[in-house]
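Notes follow the structure.
The values are calculated or read from the model by the stated rules, or taken from the named source; none is laboratory data. All values derive from a computational prediction rather than experimental measurement. Don't worry about glycine lacking a Cβ; one is built from the backbone with ideal geometry, like all the others, and counts go over all protein chains shown. In case anyone asks, the SASA skips ligands and DNA or RNA and just uses the protein heavy atoms, side chains included. Shrake-Rupley method; radii C 1.70, N 1.55, O 1.52, S 1.80 Å.
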Amino acid sequence: MPPASLTADGSSPHTTPVHPPLGEQAITVVLPADFAAFCQLHHEIYQHFAQHLLANHDTATDAVQRALGDLAASWTQALAGHHTTAIAWEALTHRIQRAHTPANTPASALYSLVPAAEADAAVLHRIMGLSITTTADTLGTESTTVTSLLATFDRRLAAGTATALRACWRAARQA
């Protein structure tokens, strides 16, 4: 594997300097290379997703950073369980929920109208434009599950009593 590129301060991207109080020796936190790679692969999608659900860019960024911090704290266990992306997705959605105020955005309003798994799949695939495969990888599930979630979501949209859902969905797609 080639050496990691350096950041502006000369450290590698998975090394985070921690600045202690004046007079104490600095420590450096070194994150596992596989964790850094995971973050590089998923950060952009997580950030876009959070921005669709949280009206404030800084709040969305903070939610993503905290979710990745939560994942870092349990990285070894996440890898051991072989459901790393599902664990990471759970951490992200938990942090978004904690930062969330009801119906911040049209996309966030979907979560009051349909189960979270359906809304997640619809936002990732239909609003953000991710492929079924990438949506499944992001959620930590199988492509067939995503296809099923989207089909169920479509049936809900088509129901005669789904006026509020259809209005919310139109607004979310236009946002």
Residue by residue through the range 60-91, note down the ones that are among the small types (G, A, S) and more than 20 Å from A116 (Cα to Cα). G69, A72, A73, S74, A78, A80, G81
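Would you mind finding the one in T28, T76, T61 that is among the hydroxyl-bearing types (S, T, Y), open to solvent by less than 40 Å² (accessible area, probe 1.4 Å) and at pLDDT 70 or above?
On the way: T28 fails: open to solvent by less than 40 Å² (accessible area, probe 1.4 Å); T76 fails: open to solvent by less than 40 Å² (accessible area, probe 1.4 Å).
Of the residues listed, the single one that is among the hydroxyl-bearing types (S, T, Y), open to solvent by less than 40 Å² (accessible area, probe 1.4 Å) and at pLDDT 70 or above is T61.
In the range 130-157, how many are outside any helix (DSSP H, G or I) and either open to solvent by less than 60 Å² (accessible area, probe 1.4 Å) or under 20 Å from A107 (Cβ atoms) (or both)? Please lay out each step first, then the result.
If we filter the range 130-157 for residues that are outside any helix (DSSP H, G or I), which is where we start, we get 130-131, 140-142.
Adding the requirement that they be either open to solvent by less than 60 Å² (accessible area, probe 1.4 Å) or under 20 Å from A107 (Cβ atoms) (or both) leaves 130-131, 140-141.
Here the count works out to 4.
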Output the residue which, of all residues in the range 80-113 that are at pLDDT below 85 and touching a helix residue (DSSP H, G or I) at 6+ places or on another chain (Cβ under 9 Å), is least open to solvent (accessible area, probe 1.4 Å). G81
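Looking at the range 158-175, which of its residues are surrounded by fewer than 16 Cβ atoms within 10 Å (Cβ to Cβ) and either part of a helix (DSSP H, G or I) or touching a residue at least 24 places away in the same chain (Cβ under 8 Å) (or both)?
Here is the first cut: in the range 158-175, the ones surrounded by fewer than 16 Cβ atoms within 10 Å (Cβ to Cβ) are 158-161, 163-164, 166-167, 170-171, 173-175.
Within the range 158-175, A158, T163, A164, R166, A167, R170, A171, R173, Q174, A175 meet the criteria.
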